[in-house]
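Please read the structure below before turning to the comments.
The values are calculated or read from the model by the stated rules, or taken from the named source; none is laboratory data. Since the model is a prediction, treat every value here as computed from it, not as a measurement. We place every Cβ from the backbone using ideal geometry, glycine too, and count neighbours over all the protein chains shown.
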Amino acid sequence: MDKKNALRAGALAAGTTLMMLLMSSPALALTRDDGDGPGSGLSVVETLGLFVAAPIGLFALITGLVMVLDKSSDRQPKAKAGSKGQVEVKTSAS
């Protein structure tokens, strides 16, 4: 890319960013809307429990249920169809 194209791309990026900043509306966080009634904030322990422990616990619960309720008896990996080096797995009860 030559110098002229690089300068053009930089100017376009800067202009686009400036227009987006100027056109964006303020958040108006100081003005309350009708029906706004924020409660008390969460403590650190409550936040970690809600956003870290609860998803991990839900994942563990679903994983456990899938493992316990799985009815399939075939646990051996299957060889790919058409592969040349197929290995037959035999289990002996001795």
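Here are the numbers for the structure shown:
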read-out: Residue in segment 59-67 that is loosely packed, with under 10 Cβ neighbours inside 10 Å and at pLDDT below 90 present; value: yes
read-out: Residue check, Ala79 surrounded by 10 or more Cβ atoms within 10 Å (Cβ to Cβ) and assigned to a helix (DSSP H, G or I); value: no
read-out: Those residues of segment 29-62 which are of a type in the set (Gly, Ala, Ser) and in a loop (DSSP other than H, G, I, E, B), in sequence order; value: Ala29, Gly35, Gly37, Gly39, Ser40, Gly41, Ser43
